[in-house]
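Contents: one structure, followed by commentary.
The values are calculated or read from the model by the stated rules, or taken from the named source; none is laboratory data. Predicted model, so just to flag it, every value in this text is computed and none were measured. As a convention, Cβ positions derive from the backbone with ideal geometry for all residues, glycine included, and neighbour counts pool all protein chains shown. SASA here: full protein model, heavy atoms, side chains in, ligands and nucleic acids out. Shrake-Rupley method; radii C 1.70, N 1.55, O 1.52, S 1.80 Å.
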Amino acid sequence: MDFSKYRIAFPALAVAGLISGCASSGVKNPSGTPVTEMRADERGFVAGTGIESQDLVMVTDKMARSILAIPQIANAQGVPHIVLEPVVNESRFPINKDIFLTRIEGQLSMKAMGKVVFLARSRMAALERERELKRSGQVTASADPNPVEFKGADFFLTGKLQSLTARTGAGTSDYVLYSFELIDARTSEIVWMDQAEIKKQGLEDAAYR
Amino acid sequence: MPPIARPRDLKPLKEGMKDFSRFVLAAVGVMLAGCATQPGRQVVLTGNLMIDGPMEIAYGPPRDKVLWEYRTAAAAMCQARFDLAKQYLDDGLTRLQGIFGPDANARKARGYFHAEAKKTFIGEPYERSMAYIYRGILYWMDGEPDNARACFRSAEFEDSDTENHEYAGDWVLPDYLDGLATTKLGGDGSDAFKRAQADAKGLTLPPYNPKANVLFFLEFGPGPTKFATGQYQEKLCFYSPPSPVRSARINIEALQVPVAPTDDVGFQATTRGGRVMDHILGNKVVFKNATDIAGDVAILGGAGTLLAGGGRNATMNEVGGGLLAAGIVSKIISSATIPAADTRAWNDLPHYLSFACLALAPGPHVATIEFLDPAGYVLPQLTKSVTFEVPADGKDKVIFISDQSSTPQKS
């Protein structure tokens, strides 16, 4: 029997069998689509996902630049004191909310060159304890600890995260709106407000659908 | 005198046999290599999730990591080890949120020669929703109702891709809690309340009380399990065992608060409908059957042809041998095809979820939670006691109690 005739046929059959193992017929885009960051005004090919580090950097950079340009900061007589108020998360993504304000604070402190000062209100408990220790003479003080020297806020900086979500067989889309505002502590006026928006979309592998 | 076969005449036959042998050896080698697994550290299960879970997470197959994180988180919740539950849920949810795009394990799971269970486990939608619900409870416990609300919204989102849209995003509790969190944060939770009420079949949900400062999350009964049916175990099915507990009652001082179930996890498991993966598994079955039948036909045809040739007709022998070999290869391919559905399941989920919120004075309190059978009788062996302190700063006190919880608890 001359098997040499099947030299090509057998390997071809085997290869076809092996390759067919990777096939998934009848399923559209079985490998899924990787998440792609897009401009908010760009029409997406499907829909997106959550809040990530690149969003944080983009949003906080934009907000820091924007705050520095407003007259209340740029032309302020004296140095405005700002207190950070927690960001409200109205999106569908659980996040560490403080990270936004922490980065804006960091950016402003670096770029403002002393034009704004932040007050450490989140450390008030420790500050008050220290002041009491000084007042009671349990620790030394470089100045008279009795006068009230904790500064009051000129502005409150806060923000809000909101999202819209869509899901179809073609994928998932998430639009997140980041709004930040600077509120005059004396008048309650919103002296500055800015927004950033990001839309993302993605599709998971067919094995998870 | 009949011609005598000389050694030179047998050369093509010998070479052919040699080639065929090489091919068979190579094919067997490839297949064995495909079946090979690297020896990993074997985890010996003790039956105690708080021991097995961390071991499996550390040393088990990476594809099962999220499964064990889910299971261990639920077990940790029952033992009031909420920090541990948070850690596991955060890791599992991070994996879940990053599942977009190509995934090598998922690609293998779609292939004919690997089982669906080869893919990284992230759970079916009801399991993903439950992970978000638990994480939401833990966020609320930490005084972050907005992040809790985000989790409840994601829980509904995970349930939104149902085949039959009648059952899309129809969890009651996540919507109700979304509205409650919004109300407590000074917003308007009425839309979420309406959605929750629309899905709460036969149950009238209590209106939001922004002054309620103690939130009880209760769960009871055994949750759904998965099993496979079909010719090759390719059909994923769910079984929700009947729950011996049908309701609960919270006793605090003179207060007695009846608590009816708001969500049936078994119902959520079974109303998702077909998956895209079910079509892939269906294709695998078709392929397995087709190659099996083709193999049978080729083997029978080949054997028949060889018999008809009787060893005297060289052409028939060659054709018969070829068919026989092709049939064997086809049978091997068929038997190597694995259409079995993935039945890995988060097996310590509850059957029912429920909730109650109360306005209590700041200070210490003791609550007794009784679980009742379908006839309304207390199941005393399941009764739990929890001591807790309502904070004076206006923050909510969140209590999580399962019929499997340890007791007494101090929260």
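Being more than 14 Å from chain A (Cβ to nearest Cβ) and under 30 Å from the mean Cα position of the chain (by Cα), is that true of even one residue in segment B:252-259? Yes, segment B:252-259 has at least one match.
To keep it simple, each residue is scored yes or no on (1) surrounded by fewer than 18 Cβ atoms within 10 Å (Cβ to Cβ); (2) touching a Lys or Arg at 6+ places or on another chain (Cβ under 7 Å).
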{"site": "B:GLY311", "(1), (2)": "yes, no"}
{"site": "B:THR315", "(1), (2)": "yes, no"}
{"site": "B:GLY321", "(1), (2)": "no, no"}
{"site": "B:ILE328", "(1), (2)": "yes, no"}
{"site": "B:ALA336", "(1), (2)": "no, no"}
{"site": "B:PRO339", "(1), (2)": "no, yes"}
{"site": "B:THR343", "(1), (2)": "yes, yes"}
{"site": "B:ASP348", "(1), (2)": "no, yes"}
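For segment B:88-111, the tally of residues that are open to solvent by 20 Å² or more (accessible area, probe 1.4 Å) and within 14 Å of another protein chain (Cβ to nearest Cβ) stands at 13.
Quick one: in segment A:184-209, which of the residues that are surrounded by fewer than 20 Cβ atoms within 10 Å (Cβ to Cβ) and among the β-branched types (Val, Ile, Thr) is nearest to B:ARG149 (Cα to Cα)? In this case the residue turns out to be A:ILE190.
To keep it simple, each residue is scored yes or no on (1) under 17 Å from B:VAL259 (Cβ atoms); (2) of a type in the set (Gly, Ala, Ser).
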| site | (1), (2) |
| --- | --- |
| B:GLY322 | no, yes |
| B:LYS331 | no, no |
| B:THR343 | no, no |
| B:TYR352 | yes, no |
| B:GLY363 | no, yes |
| B:THR368 | yes, no |
| B:PRO374 | yes, no |
| B:PHE388 | yes, no |
| B:SER406 | no, yes |
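Restricting to segment A:71-87, name every residue that is modelled with pLDDT of 85 or more, exposed (fewer than 15 other Cβ atoms within 10 Å of the Cβ) and among the aliphatic types (A, V, I, L, M). A:VAL79 - this is the single residue of segment A:71-87 that is modelled with pLDDT of 85 or more, exposed (fewer than 15 other Cβ atoms within 10 Å of the Cβ) and among the aliphatic types (A, V, I, L, M). The combined condition, being in contact with a Ser or Thr (Cβ under 9 Å, 6 or more places away or on another chain) and of a type outside the set (Lys, Arg), is fulfilled by B:ALA117. Of the candidates B:ASP403, B:ASP373, the single residue that is surrounded by fewer than 19 Cβ atoms within 10 Å (Cβ to Cβ), under 30 Å from the mean Cα position of the chain (by Cα) and touching a residue at least 12 places away in the same chain (Cβ under 8 Å) is B:ASP373.
Residues checked against (1) part of a loop (DSSP other than H, G, I, E, B); (2) over 16 Å from B:GLU127 (Cα atoms); (3) touching a residue at least 40 places away in the same chain (Cβ under 8 Å):
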position	(1), (2), (3)
B:PRO207	yes, yes, no
B:ALA212	yes, yes, yes
B:PHE216	no, yes, yes
B:GLU219	no, no, yes
B:PHE227	no, no, yes
B:PRO242	yes, yes, no
B:VAL245	yes, yes, yes
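Taken together, the residues in segment B:112-139 that are open to solvent by 40 Å² or more (accessible area, probe 1.4 Å) and either over 21 Å from B:GLN233 (Cα atoms) or among the hydrophobic types (A, V, I, L, M, F, W, C) (or both) amount to 1.
Yes or no, residue by residue, for (1) away from chain B (no Cβ under 14 Å); (2) surrounded by fewer than 18 Cβ atoms within 10 Å (Cβ to Cβ); (3) of a type in the set (D, E, K, R):
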residue	(1), (2), (3)
A:ASN89	no, no, no
A:PRO94	no, no, no
A:THR102	yes, yes, no
A:LEU108	yes, no, no
A:GLY114	yes, yes, no
A:VAL117	yes, yes, no
A:ARG121	yes, yes, yes
A:LEU127	yes, yes, no
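Could you check, for segment A:34-48, whether at least one of its residues is among the polar types (S, T, N, Q) and modelled with pLDDT under 80? Checked segment A:34-48: at least one residue is among the polar types (S, T, N, Q) and modelled with pLDDT under 80. Candidates B:PRO380, B:PRO362, B:PRO408: the one that is within 30 Å of B:ASP175 (Cα to Cα), open to solvent by 60 Å² or more (accessible area, probe 1.4 Å) and of a type outside the set (Gly, Ala, Ser) is B:PRO362. Against the list (1) open to solvent by less than 30 Å² (accessible area, probe 1.4 Å); (2) of a type in the set (Val, Ile, Thr); (3) more than 14 Å from every other protein chain (Cβ to nearest Cβ), the condition B:THR291 fails is (3). Of the listed requirements (1) of a type in the set (Asp, Glu); (2) at pLDDT 80 or above; (3) open to solvent by less than 60 Å² (accessible area, probe 1.4 Å), B:ASP83 misses just one: (3). Based on this model, can you work out whether B:GLY60 counts as modelled with pLDDT of 65 or more and either more than 22 Å from B:GLY123 (Cα to Cα) or at the interface with chain A (Cβ under 10 Å from one of its Cβ atoms) (or both)? Criteria not met by B:GLY60. For A:VAL57, the criteria (1) in a loop (DSSP other than H, G, I, E, B); (2) modelled with pLDDT of 80 or more; (3) more than 9 Å from every other protein chain (Cβ to nearest Cβ); (4) in contact with a Lys or Arg (Cβ under 8 Å, 6 or more places away or on another chain) hold in every case but one, which is (1). The residues in segment A:160-188 that are at pLDDT 90 or above and over 17 Å from A:ASP55 (Cα atoms) can be counted, and the count is 8. Taking the criterion of being more than 7 Å from every other protein chain (Cβ to nearest Cβ) and either under 20 Å from A:ASP205 (Cα atoms) or in contact with a His (Cβ under 7 Å, 6 or more places away or on another chain) (or both), the residues of segment B:268-284 that qualify are B:ARG272, B:GLY273, B:GLY274, B:ASP278, B:LEU281, B:GLY282, B:LYS284.
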